[in-house]
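Below is one structure, written out as structure tokens; the observations come after it.
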Amino acid sequence: MRVGKKEIARIVAKDGHSLICEAEEWVEEIFDTIARQLQYGDKVQIRGFGTFEKRHRVERNGYNPTTGERMPFDAYDTVTFVPSKELRGKMNE
């Protein structure tokens, strides 16, 4: 099952007895805050869940597997996520 922001908001609203529209705003604000902090280069650590971190990938050379032609790959920023010990433990219960 795939769970998106709206589904998370519905679960939060149901469990917390709040309105869905309020829960959607909270969920949206949380994800916006995480994204904004990552843009600033900050590490976002959520205790009991995991750590999000911005990583820079350097420019590198690769090749097209179909043609064998060498081609450059530009440098780019990406996000990594490392789950906490608690979350890993819950996945293995």
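Just so it is clear, none of the values below were taken in a lab; they were calculated from the coordinates. A quick note: this is a predicted structure, and the numbers were derived from the prediction, not measured. All Cβ positions, even for glycine, are placed from backbone atoms using ideal geometry, and neighbour counts span all protein chains on display.
Cross-link pairs exceeding 23 Å in C-alpha to C-alpha distance, out of 6/54; 54/85; 14/85; 43/85, comprise 6/54; 14/85. The loop-placed chymotrypsin sites (Phe, Trp or Tyr not before Pro) in segment 1-80, going by DSSP, that have at most 15 neighbouring Cβ atoms within 10 Å of their Cβ come out as 40, 49. Backbone amide hydrogens, once placed in the peptide plane, bring residue 84 within less than 5 Å of 49, 50, 51, excluding anything fewer than 5 places away on its chain. Dipole orientation for the chain: of the candidates 34, 84, 3, 84 has the Cα lying most toward the positive pole (charges on Cβ; Lys, Arg +1; Asp, Glu -1). Remark: relative contact order (the chain) = 20 percent; criterion is Cα-Cα distance under 8 angstrom and separation of 6 or more residues. DSSP loop trypsin sites (Lys or Arg not before Pro) in segment 19-78 with at most 15 other Cβ atoms within 10 Å of their Cβ, which ones? Counting only loop positions with at most 15 other Cβ atoms within 10 Å, the trypsin sites (Lys or Arg not before Pro) in segment 19-78 are 43, 47.
Treat every Asp and Glu Cβ in the chain as -1 and every Lys and Arg Cβ as +1, leave all other atoms uncharged, and give the resulting dipole magnitude about the Cα centre to the nearest 20 debye.
Its charge dipole is roughly 420 debye.
Fully extending the segment from residue 10 to residue 39 would add 7.7 nm, taking 0.36 nm per residue of separation and subtracting the current Cα-Cα distance.
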